[in-house]
Structures are given as structure tokens and as C-alpha cells.
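*Asks:* The structure's right below; bear with me while I get my questions together.
Computed from the coordinates by the stated procedures, all read-outs in this text should not be read as laboratory data. If you're wondering where the values come from, they're calculated on a predicted model, not measured in any experiment. So basically every Cβ, Gly included, is an ideal-geometry build from the backbone, and we count neighbours across all protein chains shown.
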Amino acid sequence: MRWTVGERPMKTPFQKQFVVGVDLGGTKILAAVYDQHHRLLAREKKSTKPELGPAGVMGRVAECVNETLAAAALPHAAVRGVGIGVPGMVEPQTGLVRVAPNLHWHDVPLGRLLKTRLKIPVTVLNDVQAGTLAVQQLGSGRKLRDFVCMFIGTGIGGGLVLRGEQYRGAAGLGGEIGHMVVVPDGGPKCGCGNRGCLEAVASRSAIVRRIIRGIEDDKRKSIVTDLCDGDLKRIRSRILAEAYREGDELVHEVLDEAADYIGIGAANLINILNPQAVILGGGLIEALGVKLMRRITNSARAHVIGAGADRVDIRDSGLGDDAGILGSALAARSFLGK
Ligand SMILES: [Zn+2]
């Protein structure tokens, strides 16, 4: 929803009640500005172009933030802070990005550089932590004390909320549910170097890889070829969803198998942690919705010990594609004080 200037609930333009949330991904940058009631005022998108290097990407992030503020007709002076979620290891206190593999970044002082550029305080956090925070505060985890988030997109990220707190383990590296091994010996190779990780069989990249192999190597017929005008590099979640809806055999085969694996991953988490719910988010889930959720739930039920079905509550995040930006905005607000 976009507010027009006349409707905006703003007493004076310089109250600094607005925050900007940014989701910096390997392929796209999303930015959105929210008011103090977490209402979305404007939202913009830009390609990341990681090949430009940290300085170039930072410039694009700044442009995306500036365009979002312009779309909401807000001056920089009205913004309390910018929160930015990054796909990698970060030091929230200093705003340093230690490693971000998709961006090919090492030791980039993102917080400091972006603050200099925007003249607005900047909070840096891990993107999955941002998404989990949004699910916890405003999504379907709102009333829960113990839950697990599984974000299925280009990769698979996980957030654990235990006794109401996000849990990241002894050195802050926990929650990497995408790298639990679900296929023994000989499973597909994962970006982390192992074989048979959940991410290697059920992330969107893994799904797209298998569909391309089916079409190119095994000469399978699929409407995906037409849906992306013959350019298989253009397969997105939206195209997968359409092909699934149309009953495409290859797409059904690959997505159903991915859903079964996600269910196995969820069952492992349920068996270990006994959460109140497993909450699914990310691009693939948002696009495929109900159909895939049902299959994932059935697979999880088949692998949960004890009183099986009762212990399996698998739900949607309730936040659509916005969990990342919303969580980054929430982090900026809580880090800087209400
Ligand atoms: Zn892995």
C-alpha cells in the first residue's frame, strides 16, 4: 500500500519516525520505507551487479534508498535509521561484513561507508536473522516462543527462535539448516563443498539446475522452455509456479521431490527441537504457496517420531516477499531506540 502525501500520518516532517529496510541479495537489492506503525510507504528494487565490487554495490544500495525516499516524498532528515540485511557473516556492533560469498565480499565496512554516504545511521545484520525477526515480531511467529524459520530461495537459510530469543550458537554460526545432509553418499555437490545438503536438492538454484538438465540433457518436454522464451537462464519462481499450476510433468517431478526433502529437513528440526511451528518463507514458498506446503507437511509427518501428525505445524510466514526488508527496518528501529 502506498500512502499519498495528504494521507500520511505525519505531524511534522522532521520527527524522524520513519525507518528504511534494505535486503541486499546476490541478484537484487530491495528497499522499503516504513512509518512507526510498520506501514509500508514505498518500495523500490534494483539489480545488485556484484561484479562492480563493494564500492559499486554500495552506490547502488544508496541509490535504491534515495529512490525509495523520493517515491515516499520524504527528506533524509525524516529518517531515523537504515537497516540492511546481508547474505553473510556480519558484526552488527561495527557494521562490518566479514564474509558474503554471493557478493564475493571480505571485510567490507558496510555500515560505516553507507552511513557516510546517506548521512543516516545504519544497522547491518544477517539477512536470515532479519527475516526471522520480522516473522517473530509481525509474522506468523508472533505468538510463539519456540519456532524454526526455513527461508527457501536461491539458497536455504534458517532461523531458530528458542524461548523467545533468536539462537545462533556458540560462535554465532548456528541455524545453517540448508546444510543439513539429507542425501547420503553421492548426493549433488553443494556450494559449501559437501554433498547432499538440503540446499543442494531443494533450493531454487538446485531446482532450476535439475529442470535445465532435464530439458537440455534428457531432452524432456516442458512448458518452462516457452514460459522463459527459450532462455533457461530466466527461470524464476513465478515461472516455476505457472508450470506447476499447468501440470507440467518435469516441473512437478522436480518440485515434488524438493518438497519431500524440505519435509525431511523440517522433520529433523521437529525431532530435535520440538518447536511449536516450522515457518516457511522465501521466494519459492511465496510463489508456490499452498500446494507445496501440503506436500512438505505430509513428508514431515512421515518422518516425525512420537505422536506424528500432531507435532507437525508447518505454516507460511504471513509476510510475503517482504520479511527481509521488514526485519531490517525493525532492526534499525530497535538498535537506534524507539
Ligand atoms: Zn552445503
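*Asks:* Separation between the Arg294 and Thr94 pseudo-spin-labels, each 7 Å from Cα along Cα→Cβ, expressed in nm?
*Replies:* So the label points at Arg294 and Thr94 sit 5.2 nm apart.
*Asks:* For the chain, what does the helix formula give at 222 nm: sum of -39500 (n - 2.57) over DSSP H segments with n ≥ 4, over the residue count, nearest 500 deg cm²/dmol?
*Replies:* -12000 deg cm²/dmol
*Asks:* Quick check on the chain: take the gyration tensor over C-alpha atoms, sort the square-rooted eigenvalues as a ≥ b ≥ c, and tell me if it's rounded (a/c under 1.5), prolate or oblate.
*Replies:* Prolate.
*Asks:* Which distance in Å, rounded to a whole number, links the C-alpha centroids of region 56-111 and region 175-250?
*Replies:* So the separation of the two Cα centres works out to 30 Å.
*Asks:* Can you work out the FRET efficiency for the pair Thr116 and Cys192, with r the C-beta to C-beta distance and R0 = 30 Å, to the nearest 0.05?
*Replies:* 0.35
*Asks:* If each residue's Cβ is checked for other Cβ atoms within 10 Å, how do Phe335, Phe147, Phe18 rank with the fewest at the top?
*Replies:* So the residues, fewest neighbours to most, are Phe335, Phe18, Phe147.
*Asks:* Using only the alpha-carbon atoms, how far is helix 204-216 inclined from the longest principal axis of the chain? Give it as 0 to 90 degrees, nearest 10.
*Replies:* Between the helix axis and the principal axis of the chain, the angle is about 50 degrees.
*Asks:* For region 96-102, in order, what is each residue's ³J(HN,Hα) by Karplus, 6.51 cos²θ - 1.76 cosθ + 1.60 with θ = phi - 60°, in whole Hz (x at glycine and Pro)?
*Replies:* 8, 8, 6, 9, 9, x, 5
*Asks:* Which residues does the label zone of Lys28 cover in region 254-296, counting backbone N under 11 Å from a point 7 Å along Cα→Cβ?
*Replies:* Label zone hits: 283.
*Asks:* Distance cut-off 30 Å, Cα to Cα: go down the list Lys45/Lys189; Lys45/Lys291; Lys49/Lys189; Lys233/Lys291; Lys46/Lys115 and report the pairs above it.
*Replies:* Correct reply: Lys45/Lys189.
*Asks:* Give, in nm to one decimal, the length gained when the segment between His104 and Arg145 is fully stretched (0.36 nm per residue of separation minus the Cα-Cα distance).
*Replies:* Gain on stretching His104 to Arg145: 11.2 nm.
*Asks:* Quick one: length gained pulling Glu253 to Lys16 fully straight, 0.36 nm per residue minus the C-alpha distance?
*Replies:* 80.2 nm
*Asks:* For Glu246 and His38, FRET efficiency with R0 = 45 Å and r from the beta-carbon atoms, rounded to 0.05?
*Replies:* The pair His38/Glu246 has a calculated efficiency of 0.80.
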